[in-house]
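Right, one structure below, let's go through it.
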Amino acid sequence: MDFAPRGRYQPRPRPGTGVPVFDIESHGVYSGPRPRRVNYYTPPRPPGADKKRFVDLRVRGHHSRHGTPMDRDTTHAGILDALPFPLFACDDRMRILYMNPACEQLAGTTLDDARGRRWDEVIGEAGTSFTSLPGAKGIVGIVERYPRRATGAPEEPGVPSTGEAHAESEKRFRELADFLPEVVFEADVLGRITYANRRAFQLFGYTESRLAAGISIFDLIMPGELERVAQNWKKRTEGGTVGPVEYRLRRADGSDFPGLINVAPVVAGDAITGMRGVVIDISKQKEAEDALRQSEARFRALTESTPAIIYIYQDGKMQYVNPAAEKVFGYSAQELQGRDILGRAIHRDSLGLVIARMTARDRGEPVNSRYEVKIVTKSGEERVLDLSSNPIEYNGRPAVIGSAFDVTEARKMEEEILNTRKLESLGVLAGGIAHDFNNLLTVIIGNVSLAKINLPGEHPASRCLVEAEEASMRARDLTNQLLTFSRGGSPVKKTASVEKLLRDTIRFTLSGSSLLPVFSIADNLWDADIDEGQISQVINNIAMNASQASPEGGSLDVTAENLELDASHDLPLQPGRYIRISFTDHGTGIPADILPKVFDPYFTTKRQGSGLGLTTSYSIVRKHNGHIALRSRPGEGSTFSIYLPASTGNAGSAPEKPAPSPRRRGKILILDDDAAVLNVAKNVLAHLGYDSVCVRSGAQAVHAYTTARHDQAPFDAVILDLTIPGGMGAVETVNALAKIDPNVAALVSSGYVNDPVMAEHERHGFRGTITKPYDIGEIARTLGDLIGER
């Protein structure tokens, strides 16, 4: 790109010599006295001087420091002076010939002081790149990083005071401008471009002929930006300050791209006559910025929508936390970024572990990146986080990025499962001993009852028998509690009124207590499919605990309400309709270290407690497909909440209890594997006026029943023990008897009072039930009704 100077740059003969002289207006970048005009010409060359390197520059009007080769007040040097980055030129011996103002500033010296010295003494070696000028003896250097400053006194220039011809200097600066990676241009005050380097043609796609025909700076701007460009151009030509400005620029083919334009005025005398400027294509920078913004947007979309806590920790504080962290901790982002957040938010049980891990990581020691910590929310709630963290570099410094999941509910679920397994194990144990234990109680209670009947009321032993019977009944109740959460403790459900059961049980349990029940029950409270006896036991256990926790009295707030759970709830329940019953006392409360153990079997803080009350309650509610929860704080009281599935039906009125049947006579077949039980049963039946035959296996029962029918002396009823170890139990035996006599009158007997067979005996072929331990009145009534029907 070789552009002949136009307008004020036209050469004129030097007076009296015929040597061409160019009048060049100063752009005023450097400091000090500003020459009004400089003359660039080629004087006669001294004998023996190198023609290519002999150049002289004289300043008319006053003495100037720029009377040396490659002066900056030539057309192209002025453009180079406007560049924002450091640039210098050397001869073939690497001695400084030219430095632009940016290079002077970074080097800490002036062009006059640096000229003739080696570049590495002036600029320094670090961060400098070089290129050679085509067809010239010399190189151009661009300083990419801050160099060391020049120190010491400058060397003698050692450069002749005369230089090369004007044409050679112009060529050099053009080649230098064409080497630059960015567009440099010069325009008049109207914006008409008078010079542009090679990069300009490459970037905008114009030809030299098109430039010669006249191109305005405004032709390179997209229409939407023209008003802003015109305002900034006008402001700059009037002497105002306008920094580098970003515009949408237009190529010759109409396509556009983002660019940065920076211009400096050309001053002639006291007037601005044009602009010199630089255009930087920032397309890649914009693409990188867009990519960064998209990356940041994706990061924020990910971190701000995920339920996981995301954080960046650096310099002893949180530099970033996502909304999930604010939600879990209950603090705002600003509060979480405070320096004391660790001491406030990390539970004391985990604070030592967290500090130890952080200290070890700072020392470069290997650290397990995943562990669990307990935290304390702003409201004081304790939660558990599964935390993972790894070291990163953030803003150029070491930091830690971490993620954490709130696993509090998962840990509660695990505790629920653990409790369930404990109860299942205990249930197996209870089921294993319940049969033998109930048989023993049957023998004890049966004999005691018979003895009481046979002794006169004033007999000295009568009182002893009464106490023995009462103790045996308490033992029976304990057995029933064990059976409640054993395999035989499945609830026998029917639709019942929860409100009625709640009021009746609470009033009965707290009668005579200093604790006053306060009911708050929703209108139209749903009914529930429950085992009334078992749920009554749960209510009784909770009410008794509340009474014992409130020795000074007070109130027990009892609330019941309808509740519909959707899939978003955090309870271990299926979505659906539930009844929530809450019991809140205002007693002593439960210490935090004891709270997780209250449902454990045999755990109690009472001197005379069995440790089975709440365990039984837990098991009963679980077998009703419900949930029981406890919240408590020492000194504030406790709240038990029970969730029971609501029924789709309505509870009917309870049938009236029939009056006892009169004493009858008949022949009874009894099946039981325990000889002592058989003996008691035989004595009880004899007392009631019945004849009996006792057998110890199902096969013997079938044989006896068949023989009696064959002898025309059939049995009026059979009493079959539900479970016969190693043989036919009641269900198998009654099925075999039904094949012999479809009308067999069979009763099932068991200590498993809540066994489904006992609850739904008719489905299995039985006419009724007899519970162990035996109650003489129950046996008399049941047999009387059964035989009376026949």
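Residue by residue through the range 679-689, note down the ones that are open to solvent by less than 40 Å² (accessible area, probe 1.4 Å), among the small types (Gly, Ala, Ser) and out of contact with any strand residue (DSSP E or B) (no Cβ under 6 Å at 6 or more places or on another chain).
Within the range 679-689, Gly689 is the sole residue that qualifies.
If I filter the range 176-211 down to residues being among the β-branched types (Val, Ile, Thr) and more than 56 Å from the chain's Cα centre (by Cα), which single residue comes out as surrounded by the most Cβ atoms within 10 Å (Cβ to Cβ)?
Ranking the candidates gives Thr194 first.
Show the residue pairs that are 6+ apart or on different chains and have beta-carbon atoms under 6 Å apart, the first residue being within the range 445-464 and modelled with pLDDT of 80 or more, the second being surrounded by 10 or more Cβ atoms within 10 Å (Cβ to Cβ) and of a type in the set (D, E, K, R).
As it stands, the answer is Val448/Glu469, since those pairs meet every condition given.
How about the range 647-668: which of its residues are at pLDDT 90 or above and in contact with a helix residue (DSSP H, G or I) (Cβ under 6 Å, 6 or more places away or on another chain)?
The answer is Ile668, and nothing else.
Does the range 358-380 contain any residue that is open to solvent by less than 70 Å² (accessible area, probe 1.4 Å), among the polar types (S, T, N, Q) and part of a strand (DSSP E or B)?
Scanning the range 358-380, I find no residue that is open to solvent by less than 70 Å² (accessible area, probe 1.4 Å), among the polar types (S, T, N, Q) and part of a strand (DSSP E or B), so the answer is no.
Using beta carbons and a limit of 7 Å, which pairs, at least six apart or on different chains, have the first residue in the range 355-377 and under 19 Å from Gly343 (Cβ atoms) and the second one exposed (fewer than 13 other Cβ atoms within 10 Å of the Cβ)?
Sorted first by the residue in the range 355-377, then by its partner, the pairs are Lys374/Asp349; Lys374/Glu382; Val376/Glu382.
So which residues in the range 333-350 are open to solvent by 50 Å² or more (accessible area, probe 1.4 Å) and part of a helix (DSSP H, G or I), if there are any at all?
Result: Gln334, Glu335, Gly343, Arg344, Arg348, Asp349.
For Tyr313, which of the numbered conditions (1) within 20 Å of the chain's Cα centre (by Cα); (2) within 21 Å of Tyr394 (Cβ to Cβ); (3) surrounded by 15 or more Cβ atoms within 10 Å (Cβ to Cβ); (4) free of Cβ contacts under 8 Å to residues at least 24 places away in the same chain fails to hold?
Going through (1) within 20 Å of the chain's Cα centre (by Cα); (2) within 21 Å of Tyr394 (Cβ to Cβ); (3) surrounded by 15 or more Cβ atoms within 10 Å (Cβ to Cβ); (4) free of Cβ contacts under 8 Å to residues at least 24 places away in the same chain one by one, Tyr313 breaks only (4).
Please find, within the range 68-120, the residue that is modelled with the highest pLDDT out of those that are open to solvent by 30 Å² or more (accessible area, probe 1.4 Å) and either assigned to a loop (DSSP other than H, G, I, E, B) or hydroxyl-bearing (Ser, Thr, Tyr) (or both).
Result: Thr110.
Kindly indicate which of Ala252, Ala230 is surrounded by 13 or more Cβ atoms within 10 Å (Cβ to Cβ), assigned to a loop (DSSP other than H, G, I, E, B), of a type in the set (A, V, I, L, M) and free of Cβ contacts under 8 Å to residues at least 60 places away in the same chain.
Ala252
Restricting the range 679-689 to residues that are closer than 15 Å to Lys667 by Cα and in a helix (DSSP H, G or I), which is nearest to the chain's Cα centre (by Cα)?
So the residue we want is Ala681.
Identify, please: which residue in the range 255-287 is basic (Lys, Arg) and under 22 Å from Arg198 (Cβ atoms) and is, among those, most open to solvent (accessible area, probe 1.4 Å)?
Lys284
Quick check on the range 497-517: of everything there that is modelled with pLDDT under 85 and assigned to a helix (DSSP H, G or I), which residue is least open to solvent (accessible area, probe 1.4 Å)?
So the residue we want is Thr509.
The values are calculated or read from the model by the stated rules, or taken from the named source; none is laboratory data. Quantities reported herein were computed from a predicted structural model and do not represent experimental measurements. Ideal geometry is used to build each Cβ from the backbone, glycine not excepted, and the neighbour counts take in all protein chains shown. In case anyone asks, the SASA skips ligands and DNA or RNA and just uses the protein heavy atoms, side chains included. Shrake-Rupley method; radii C 1.70, N 1.55, O 1.52, S 1.80 Å.
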